[in-house]
Amino acid sequence: MDLTTITAIVPARTRADLAALGAGSAPLAGGSWLFSEPQNHLTSLVDLMALGWPSLVVSGEGLEVAATCTFAELAALPDDQGWPAHPVLYQCCTALLGSFKVWNVATVGGNICASLPAGPMTSLFSSLDATALVWRADGGDERVPVAEFVTGNGSNVLRPGDVLRSVQVPQSSLTGRTAYRKIALSPLGRSGAVIVGLLRADGSFMLTVSGATVKPEQLRFDRLPGAGELAAAVEAVTTWFTDPHGAADWRRAVSTALALEIRDELAAPPGEAPPSHYTTDRYVSEEAAR
């Protein structure tokens with residue numbers, strides 16, 4: 001939609017240009033959310049795309065993803081590094097049920113900075129233990145785990161004038177095996193829960209619960225836990241919430257069930273197909289959810 005209060009769009013070509021951010025100004029990347037509703041408090045936008053950040057950089061340390069990287073670019077990253085975790089990149093992108101037009105403009109950074117519980121990029125990079133690089137308004141740099149970047153429903157660690165520069169996924173996560181589950185109350189509805197398991201090469205296991213909680217919850221174990229231990233850990237989470245996309249008790253129940261599926265899938269030998277009913281994405285009607 002048109003933002004009728006905007007009087008200027010400032011292209012940021014260097015970090016110094018970000019000084020234009022402040023009261024009445026907001027960063028612009030893809031704009032898929034920014035232009036979706038009125039922003040009457042804004043009078044200017046600072047265009048981050050003019051900075052020309054490389055979208056995806058592969059190195060010996062892992063994968064750096066620029067905040068301005070689009071969903072389409074991330075989903076199309078070639079599987080040429082032999083990373084067992086590679087499939088989860090595309091899987092989490094599909095949790096944003098947008099058209100190809102949305103995928104071509106929606107950005108990783110914009111999705112994380114929106115800090116919605118169902119933000120698929122928050123789910124993805126939390127589940128891979130990624131670290132966010134924040135450019136602070138005072139010129140300093142700060143690295144924050146993505147799981148801690150989001151502090152609540154629509155809130156995060158950014159202060160006025162700050163910018164999310166990139167997220168760094170460590171090699172130790174990319175070389176681990178992943179299992180992904182998403183559930184929603186309607187075929188095209190927002191996620192009710194997104195659960196991802198990561199079994200690292202050293203045998204340690206991490207389960208990330210998101211979508212069902214106001215912020216990502218990471219459950220860590222030094223080895224693959226037993227079913228009872230894992231279920232108890234999931235049920236002990238306290239940040240479940242209720243909204244039109246699911247009740248808190250339903251979210252807790254389905255997250256526990258999906259976590260156990262993930263455990264069973266990762267307990268099987270690599271390459272063994274999971275049972276056919278272990279679908280990665282599923283839809284449950286509201287009647288069934290009751």
Q: Search the structure for amide H atoms under 5 Å from the amide H of Asp47, placed 1.01 Å from N in the peptide plane, and list their residues when 5 or more places away or on another chain.
A: Val10, Ala12, Leu28
Q: Enter the Cα centre distance for the pair the stretch 189-219 and the stretch 14-60, rounded to the nearest angstrom.
A: 28
Q | Spacing of the two label points (7 Å from each Cα toward its C-beta) at Val237 and Ala50, in nm | A | 4.1
Q. Using the count of nearby Cβ atoms within 10 Å as a rough guide to exposure, how do Met49, Met206, Met121 rank from fewest to most?
A. Met49, Met206, Met121
Q | Extreme residue, positive dipole direction of the chain, given options Gly271, Ser186, Gly161 (C-beta unit charges) | A | Gly161
(Q) Please compute the length gained on full extension between Arg143 and Asn104, using 0.36 nm multiplied by the number of residues separating them and subtracting their Cα-Cα distance. (A) 11.3 nm
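Just to be sure I understand: if I project the alpha-carbon convex hull of the stretch 53-172 onto a plane and average over all orientations, what area do I get in nm²?
So the Cα hull casts an average projection of 7.2 nm².
Kirkwood Rh, the stretch 8-50, all Cα pairs: how many Å? Please report the intermediate quantities before stating the final value.
Numbers: mean 1/r = 0.0950 Å⁻¹.
Value: 10.5 Å, from the Cα pair sum.
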Q: Work out which helices of the chain, taken as complete DSSP H runs, extend at least 27 Å along their axis over the Cα atoms and score a mean Kyte-Doolittle of 1.0 or more, then list them.
A: none
Q. Measuring from the lowest to the highest alpha carbon on each principal axis, how far does the chain reach, largest first, in angstroms?
A. 56, 46, 32
Q) Rounded to the nearest 0.05, what FRET efficiency is calculated for Gln171 and Asp249 with R0 set to 41 Å and r the Cβ-Cβ distance? A) 0.60
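Laboratory data are not the source of any read-out in this text; all were calculated from the coordinates shown. Please read all numbers here as calculations on a predicted model, not as lab measurements. Note that we place each Cβ from the backbone using ideal geometry, even for glycine, and neighbour counts take in every protein chain shown.
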